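Structure, as structure tokens:
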Amino acid sequence: MSSVINNRARKPRLRQKPFSTPSPVSTIEDFTAFNARAFFDALIVDIENGIEEMKLQSPWVTHRRLDALLPVLEAAVKRGMTLCCFLREPDFWPHRGNPDLDVETKREHADCEELFNALRNIGAHVNIRPSIHEKIHVIDNLITWDGSLNALSHRNTFERMTRLTSRHFAMETITKWRLDTCIECWNNRCRLSFGKAQTQLHVQLLAEQLLQARRPCMSQYSIADLAGIDQAMICRLEAGSANIKNGLLVQMAGILGYELIPVPNVLVPAVTTYIHEQLSARGARLGQKSKRK
Ligand SMILES: [Zn+2]
């Protein structure tokens, strides 16, 4: 079996809060129910028309179904869409690599690793979560697919999927089912975005990132001198062992030639890609220049 779970008994880990309050606003503009056969054609059209991002929660994955969907997903990522996948954690996943696991579990872990890597290789974000069973896909914070069918593993069972068009419903679904907590999106923001410096941790991470940019342009002494702080403080900040205040972060950014710009969440992937491209192109130009000298 190439699914990501097996049937071995396992204590359920249910941490979800009850959602007892219905939405006070009904803003569903359009909804249609699909059977399994019609679902894939309609989903593919939605992915092909997608612009910014897709949240794809399919607890189970199989080679057969993934192979069929991978080209359209890969094309979407190449167009610039952010694809955040949420997949179910296989049994005993935290203990993978342990030689004491039984043969069947080891084989299953290897199989899952292959499937997860196939998604990573096309640029998808892969989030592994325990106990999830909901099948949800949200495209561009507008279209929500919700129902019983696993888009990445379905074979031949009778299923039902409903397509709803509503920004309010899509955003509510993303929030309630924690589809806005993709770990790779978060890491990308920490690496390159300066838009979420509300917490001390964020501020500290941003300071570390900024200070990495000083090498080899400026010494710790020169930055400390310009910022009016002790060199030892710069040293501790670079090592991630000192707290920093927002004001000093802004000041250091200015000294290092950076601006702190708030970026709407939805634009973070596009801005991140643009910055990567521009910095790579700049690095290549500088490399060519130094070769000519
Ligand atoms: Zn993501």
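Every read-out reported here was derived from the displayed coordinates using simple, explicitly stated rules and does not represent laboratory data. Just so it is clear, the structure is predicted and the values come from calculations on it, not from any experiment. So basically every Cβ, Gly included, is an ideal-geometry build from the backbone, and we count neighbours across all protein chains shown.
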Could you please rank V72, V268, placing first whichever residue has the fewest other Cβ atoms within 10 Å of its Cβ? V72, V268
Write down the percent of antiparallel bridges among all DSSP beta bridges whose residues are both part of region 71-156, to the nearest 5. 50 percent
Hey, got the dipole for region 30-184? About the Cα centre, +1 on K and R Cβ, -1 on D and E Cβ, debye to the nearest 20? 200 debye
Rounded to whole Å, give me the distance from the Cα center of region 44-74 to that of region 118-166. 8 Å
Relative contact order for region 120-189, counting Cα pairs under 8 Å that sit 6 or more residues apart, in percent: 30 percent
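Would you mind ranking Y274, Y258, Y221 so that the residue whose beta carbon has the fewest other beta carbons within 10 Å leads the list?
If I rank by nearby Cβ atoms, fewest first, I get Y221, Y274, Y258.
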Tell me, what ³J(HN,Hα) does each residue in region 167-181 have, in order and in whole Hz, if you take phi through Karplus 6.51 cos²θ - 1.76 cosθ + 1.60 with θ = phi - 60° and put x for Gly and Pro? 5, 4, 5, 4, 5, 5, 5, 4, 5, 5, 9, 6, 7, 9, 10
Please report the equivalent ellipsoid semi-axes of region 30-184, computed as sqrt(5 x eigenvalue) of the Cα gyration tensor, largest first, in whole Å. 26, 16, 15
How do L279, L87 line up, fewest other C-beta atoms within 10 Å first? L279, L87
What residues have an amide H closer than 5 Å to that of S131, excluding those fewer than 5 places away on the same chain, when H is modeled at 1.01 Å from N in the peptide plane? E89
